[in-house]
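Below: one structure, written as structure tokens.
The values are calculated or read from the model by the stated rules, or taken from the named source; none is laboratory data. Keep in mind that what you see is a predicted model, and the values were worked out from it rather than measured. Heads up, the Cβs are rebuilt from the backbone with ideal geometry, glycines too, and the neighbour counts pull from every protein chain shown.
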Amino acid sequence: MRKPVILITGAGGEIGHGLIEQLAAEGQSAIITIDLNPLDDMLRPKVMREFVGSILDKNLLNRILSEYEVDMIFHLAALLSTRGEFAPLAAHQVNVEGTLNMLDFAQSQGESHGRPVVFLYPSSIAAYGLPSLEIKEKAGRVKEHEWTLPTTMYGCNKLYCEHLGRYYNLHYKQLAAEKLSGKVDFRSIRFPGLISAVTVPSGGTSDYAPEMIHAAAQGQAYACFVRPDTRIPFMAMPDAVNALLKLARADRSQLTKTVYNITAFNPSADEIRDLVLQGFPGATITFEPDLKRQAIVDSWPADVDDSAARNEWGLDPKYNLETAFSEYLIPAIRARYKNANR
Ligand code: SER
């Protein structure tokens, strides 16, 4: 018999860290993971089986199919927005072909064990593209169907894969004699910038916020790569993980959308700097905008309308801007580097 499990791809990344911690703390589900790199020592004991490999490796996916019954997939593996601009074809390969492989894997799982596979897909504010700062200001809280004209390869990949997920869910092989759709229960969140106390991101363009905090905690000077007035939505990592789990466990009949915006707060880079300085008064934080990365962040909305997520599946982030810093980020990051220096 195959063993029933939850599968997490890109498990060693930022969201994966928080998600594995949370699922392991609940203790109800066996977890298997795929990541290009071995999991770190803290995570490894929390998963049943770790596959070090690529989502582009179909032999690996077939092996997992033969050994495990997967009921839920958190497909977190991706190449983020800054890195994707240096290697657009690699980004497309990982973000689109990799996601297609995972959707097909989920379809095969669903056909084989007969239950829909809940497929959680983190999309991003990068799926949006606003053409100018004036329009960004006027647009206000952008809704899911507005301004989906991404300027980055990563954003294009995310937007397209939202559609691929909807296709597998609702229309897969619609001309076949028997109905094959519905095996992949696809659900997606357009995440804002995420800030974790545990990990530092790499390769993203919202990274200025977490980089600023982690640099300050380590006593390193930080030159922020966007202007002080730059504004996009953010969320603390524990709330992002809770949102993923809430959507994963929501009653399908309550969901009217494939993709949901979520947000918790939307400070300017300058406001983030002020909060970091309150926590780490000696920190040196300057602004040296990189005009090209700035343009990417300027194309992302200053705020998003997440009322559908709040109404349909109970999105309810615990941390606002002040408490995210005072109760989560500052104390946890301070403890992290104190321990690291021992
Ligand atoms: N945080 C991501 C990035 O900056 C967006 O999803 O690429």
Exercise for review: Can you run down the residue pairs with Cβ atoms below 7 Å, 6 or more apart or on separate chains, where the first is in the stretch 321-334 and touching a residue at least 60 places away in the same chain (Cβ under 8 Å) and the partner is hydroxyl-bearing (Ser, Thr, Tyr)?
Suggested key: TYR328/TYR319
**Study point:** Among (1) more than 20 Å from CYS156 (Cβ to Cβ); (2) modelled with pLDDT of 95 or more; (3) hydroxyl-bearing (Ser, Thr, Tyr), the one test that SER29 misses
**Key:** (2)
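Restricting attention to the stretch 104-133, and to residues there that are under 19 Å from LEU36 (Cα atoms) and within 17 Å of the chain's Cα centre (by Cα), which single residue is farthest from the ligand (Cβ to nearest atom)?
To start, the set of residues in the stretch 104-133 that are under 19 Å from LEU36 (Cα atoms) comprises 105, 121-122.
Retained after the next criterion (residues that are within 17 Å of the chain's Cα centre (by Cα)): 121-122.
Details: TYR121: 12, PRO122: 8 Å.
Filtering the stretch 104-133 for residues that are under 19 Å from LEU36 (Cα atoms) and within 17 Å of the chain's Cα centre (by Cα), the one farthest from the ligand (Cβ to nearest atom) comes out as TYR121.
Only one of GLY18, GLY27, GLY10 is farther than 18 Å from SER66 by Cβ and surrounded by fewer than 22 Cβ atoms within 10 Å (Cβ to Cβ). Can you tell me which? Break it down stepwise before answering.
On the way: GLY18 fails: surrounded by fewer than 22 Cβ atoms within 10 Å (Cβ to Cβ); GLY10 fails: surrounded by fewer than 22 Cβ atoms within 10 Å (Cβ to Cβ).
Only one candidate qualifies: GLY27.
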Exercise for review: Specify which of the listed residues (LYS143, LYS158) is within 16 Å of the ligand (Cβ to nearest atom), surrounded by 15 or more Cβ atoms within 10 Å (Cβ to Cβ), touching a residue at least 24 places away in the same chain (Cβ under 8 Å) and of a type in the set (D, E, K, R).
Suggested key: LYS158
Check your understanding: Out of all the residues in the stretch 43-57, is one or more surrounded by fewer than 18 Cβ atoms within 10 Å (Cβ to Cβ), without any contact (Cβ under 8 Å) to a residue 12 or more places away in the chain and touching a strand residue (DSSP E or B) at 6+ places or on another chain (Cβ under 7 Å)?
Key -> yes
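Here's a check for you: in the stretch 180-214, which residue that is outside any loop (DSSP other than H, G, I, E, B) and under 12 Å from the mean Cα position of the chain (by Cα) is farthest from the ligand (Cβ to nearest atom)? Don't jump to the end; show me each part of the working.
We begin by selecting, within the stretch 180-214, every residue outside any loop (DSSP other than H, G, I, E, B); these are 184-191, 193-195, 208-214.
From what's left, under 12 Å from the mean Cα position of the chain (by Cα): 188-191, 193-195.
Details: SER188: 12, ILE189: 11, ARG190: 9, PHE191: 6, GLY193: 5, LEU194: 6, ILE195: 10 Å.
Among residues in the stretch 180-214 that are outside any loop (DSSP other than H, G, I, E, B) and under 12 Å from the mean Cα position of the chain (by Cα), the one farthest from the ligand (Cβ to nearest atom) is SER188.
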